[in-house]
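The values are calculated or read from the model by the stated rules, or taken from the named source; none is laboratory data. Being a predicted model, the structure only gives us computed values, none of them experimental. With ideal geometry, Cβ positions are generated from the backbone for all residues, glycine too; neighbour counts draw on all protein chains shown. Ligands, DNA and RNA are excluded from the accessible area calculation, which covers all protein heavy atoms including side chains. Shrake-Rupley method; radii C 1.70, N 1.55, O 1.52, S 1.80 Å.
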Amino acid sequence: MRKAPDPLVEGLPCGRPRLLRSGNAVLQVISMAEWTRVAAEVDVPVGTLRSAMAGSQPLVLANVDGDICALEDQCSHQEFPLSDGELDGSDVICIHHGARFDACTGRNKALPAIRPVKS
């Protein structure tokens with residue numbers, strides 16, 4: 001079994017250990033035995049969104065007050081990329097129709113989204 005790269009410093013604030021920091025890299029946990037570098041921490045400044053790929057999975061990374069969170073990069077209302085949108089506090093806003101999602105949990109917070117996005 002491959003271990004996580006050292007030094008592993010922290011996981012997501014929502015308690016889901018899917019994105020972790022190792023030095024200045026942002027890593028996605030594919031499984032407990034597999035890690036994929038998805039971005040450098042400097043690539044996701046505070047208050048911004050950035051698209052990234054983990055294998056064939058598109059992600060949107062959100063830097064919420066220094067904590068980097070990841071969601072599937074697809075609005076649950078229609079199949080538009082959330083990375084085209086904006087980060088308002090801890091909310092990811094879909095630029096196409098205004099749907100809002102919690103950046104760390106994916107919980108839908110405003111219509112027209114009625115389903116959460118995978119975190």
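Points to keep in mind about this one:
- Among residues of the stretch 91-105, those that are buried (at least 18 other Cβ atoms within 10 Å of the Cβ) and assigned to a loop (DSSP other than H, G, I, E, B), counted: 5
- Annotation note: Cβ proximity below 8 Å between a residue of the stretch 52-81 that is under 14 Å from ARG100 (Cα atoms) and a residue that is acidic (Asp, Glu) and buried (at least 19 other Cβ atoms within 10 Å of the Cβ) (sequence gap 6+ or interchain) occurs for VAL60/ASP73; PRO81/ASP73.
- Scan of the stretch 106-119 for residues that are open to solvent by 50 Å² or more (accessible area, probe 1.4 Å) and over 17 Å from SER51 (Cα atoms), ordered by number: ARG107, LYS109, LEU111, ILE114, ARG115, PRO116
- Residue in the stretch 68-86 that is among the charged types (D, E, K, R) and part of a loop (DSSP other than H, G, I, E, B) present: yes
- Residue in the stretch 69-86 that is buried (at least 19 other Cβ atoms within 10 Å of the Cβ), under 12 Å from the mean Cα position of the chain (by Cα) and of a type in the set (Asp, Glu) present: yes
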